[in-house]
Amino acid sequence: MTKDIYNFIHPSDLKDISVIEAAYRKKHPEVSKRPMAKSYFALHLIMRGEGRLITPEGEYPLKKDDIFVRFPNEVITYYDFKETPFHYIFVTFTGATVISYFKRIGITPKNRILRASAELTHLFKHLVLKTGDYPDVNDIFAAGCVHLIFAELAKQTAALPRNKYDIKESYILSAINFIQSHLSDPELDADYVAQYLSLNTDYFLRIFKNVMGTVFSKYVVAKRMSLAITLMDGGNLSIRDIASKCGYEDASYFTKSFRAAYNQSPSEYIKKNFDHIQKSPAGETIAHK
């Protein structure tokens, strides 16, 4: 592939997997190198170059033939090195089956980097190169390609020996999905999630830290802060509204938590990172597109 390719998929009513965009880039844009959160899943295949991925769970080197996963509403950073710039393919998507696929394949926030086989590389290229040939049904074509990518990932991981954390990771992946869908609930805590999983709370907290490498409370706060950043760039919401949607009944406590995470207040963060700011009728800062 000699030039950048962008395929924007028209809105789809497909429920299992709905693809948003499939693209190939020969240069990683500077704006994409800053910390940011997105509302969708993404798979990135590094075709050339080396760099680094920074996630709430840790930092990872990136190199040719690595596939890495982005989860919704988490702040991550990925960048290439000046001497080894990225060429890469990415596909963004949502869908009801994604979490189930991740669970069965063994993809978790702490286990998000996989190696691409020749067949996987072919499937990623096919997705990018051929989606534009079918504009009227590109949503169906792209979704089919992503299903095939997941099928190949499943074949690849099925051949690996099962490790001792399989059951624990299954619980934690279910917990992550539950947490993600309940971030706006002020009652979200370890007891709540453990009850959902039918686990003892102390046991749940132990395996959560074991699998995720961080304690439950810090993880939930990090997810809520990531969601807050997404909401700041997502529409006309006051700081009070953002706090509520992130599970904080007290906006001042939300501001305190945000400052602890990012060393600045929500209003300061908005002014620094977004250029589409206006004031609400009540005089509160809102993010506006």
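Here, each number is a calculation from the coordinates, and none is a lab measurement. The structure presented is a predicted model; accordingly, all values stated were derived computationally and were not measured. Counting neighbours? That spans all protein chains shown, and the Cβs are built from the backbone with ideal geometry, glycine included.
Here is how the numbers come out for the structure above:
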read-out	value
Length added when fully stretched, Met1-Ser100, from 0.36 nm per residue minus Cα-Cα	32.4 nm
Descending semi-axes in whole angstrom, ellipsoid equivalent of segment 166-287, from the Cα gyration tensor	31, 13, 12
Among (i) 54, 40, 35; (ii) 51, 47, 42; (iii) 102, 50, 29, the entry that matches Cα extents along the principal axes in Å as calculated here	(ii)
Relative contact order of the chain, pairs being alpha-carbon contacts under 8 Å that are 6 or more residues apart, as %	16 percent
In nm, spacing of pseudo-spin labels at Lys82 and Gln264 (7 Å Cα→C-beta vector)	2.4 nm
Three-way shape call for segment 5-158 based on the alpha-carbon gyration tensor, with the a/c threshold at 1.5	rounded
Environment charge of Leu205, counting only residues whose C-beta is closer than 11 Å and scoring Lys/Arg +1, Asp/Glu -1	-1
Those lysines that a straight Cα-Cα span of less than 17 Å connects to Lys33, excepting residues fewer than 8 apart in one chain	Lys63, Lys82, Lys272
